[in-house]
1. Which one of the conditions (1) surrounded by fewer than 14 Cβ atoms within 10 Å (Cβ to Cβ); (2) more than 29 Å from residue 227 (Cβ to Cβ); (3) not β-branched (Val, Ile, Thr) does residue 91 fail to meet, given that it meets all the rest?
2. Please pick out the residue among 58, 2, 81, 54 that is surrounded by fewer than 21 Cβ atoms within 10 Å (Cβ to Cβ) and under 26 Å from residue 223 (Cβ atoms).
3. Working only within the range 109-126, note down all residues that are crowded, with 24+ Cβ neighbours inside 10 Å and not charged (D, E, K, R).
4. Is there any pair with a first residue in the range 176-189 that is in contact (Cβ under 8 Å) with a residue 60 or more places away in the chain and within 15 Å of residue 58 (Cβ to Cβ) and a second that is surrounded by 14 or more Cβ atoms within 10 Å (Cβ to Cβ) and of a type in the set (S, T, N, Q) whose Cβ atoms are under 6 Å apart and which are 6 or more apart or on different chains, and what are they?
5. Scanning the range 207-222 for residues that are touching a helix residue (DSSP H, G or I) at 6+ places or on another chain (Cβ under 9 Å) and assigned to a loop (DSSP other than H, G, I, E, B), which turns out surrounded by the fewest Cβ atoms within 10 Å (Cβ to Cβ)?
6. Would you please name the residue that is nearest to residue 13 (Cα to Cα), looking only at residues in the range 138-171 that are at pLDDT below 95 and among the aliphatic types (A, V, I, L, M)?
7. Only residues in the range 225-247 that are closer than 14 Å to residue 106 by Cβ count as the first member; pair them with residues that are of a type in the set (A, V, I, L, M, F, W, C) and surrounded by fewer than 18 Cβ atoms within 10 Å (Cβ to Cβ), Cβ under 9 angstrom, at least 6 apart or cross-chain, and list the lot.
Amino acid sequence: MKKAIVVNPHNDDGIISIGGTLIQLLEKGWKIMYIQMTNGGHGSNIVPYSELNKIRIKESENERKFLGVDKFYNFNIEDGKLGALKEKEQEKILRKMVGLMESYNPNIVFLPIKSESHIDHRVTYLFARRAIEKINITPLEVYYLVQFFPFLKKDPGNIKKLLMVPIDDYWSKKEEGIKQHTSQLKEGRLLQTVGILDAYFSLIYFQPFEKVCYKSELLGIHSVNKNYKLLIKDLDEVRDVSNVSHGRQSKKIQL
């Protein structure tokens, strides 16, 4: 049984960043567990924090049912406070995360890149990386990027490969998955933002000799191991864009 864990800072980050990738894996029979770090209660101003917290719990449940996510655990930290935890709280979370990973025994762990601008995302990266270093298994580490570009720091983490996954055939289902988070659609332009970002990835890494795609997701590979082939095999198409710049590929370009 092939399994993956998605470590989400907030309840909609997985579907936003790698929804098309996850849909493909689920359709190929993968089991997927979500580990969520925060309650997402400050994700909108449409209602008070205490009420929004309850709304987002339900929205998260709706998305998991829609996709068919296997298991779920929420640390339920107040949204925006992940970086302010005391050392004892951090160690407690780390021990629990290690236990969750070891019991689920994933082939892949998806986690945010190191340099995202949102503090919850950066701290989630640190927790997930520390947990992976402590577990007795060696999953494939795959970094994802949400809509926040890494402006604050330039270091994205240790990425050996950058993959572009075309998701044209899965965009409509990804869109429906995002729509499960109704509270996030009432303010801002979440669907438009994600659509433009996925289109941007398709444009910036397009190479003239390849088939045109209009929506894509990016996956950063920490280091290639035996689980890499399992991932590639169950995705319709994967393009290695590690050395692509301005639509051209060069061995002189290094990540």
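The values are calculated or read from the model by the stated rules, or taken from the named source; none is laboratory data. If you're wondering where the values come from, they're calculated on a predicted model, not measured in any experiment. Every residue, glycine as well, gets a Cβ built from its backbone with ideal geometry; the counts of neighbours run over all protein chains shown.
1. Only one criterion is unmet by residue 91, namely (2).
2. On the way: 58 fails: under 26 Å from residue 223 (Cβ atoms); 81 fails: under 26 Å from residue 223 (Cβ atoms); 54 fails: under 26 Å from residue 223 (Cβ atoms).
Going through 58, 2, 81, 54 in turn, the sole match is 2.
3. Those that are crowded, with 24+ Cβ neighbours inside 10 Å and not charged (D, E, K, R): 109, 110, 111, 112, 121, 124.
4. 180/62; 183/44
5. Of all residues in the range 207-222, those touching a helix residue (DSSP H, G or I) at 6+ places or on another chain (Cβ under 9 Å) come to 212-219, 221-222.
Okay, now just the ones that are also assigned to a loop (DSSP other than H, G, I, E, B), so 212-215, 222.
Numbers: 212: 10, 213: 21, 214: 14, 215: 23, 222: 19.
Only one residue tops the list, namely 212.
6. If we take residues in the range 138-171 being at pLDDT below 95 and among the aliphatic types (A, V, I, L, M), then 146 is nearest to residue 13 (Cα to Cα).
7. That search, which allows pairs on different chains as well, returns 231/238.
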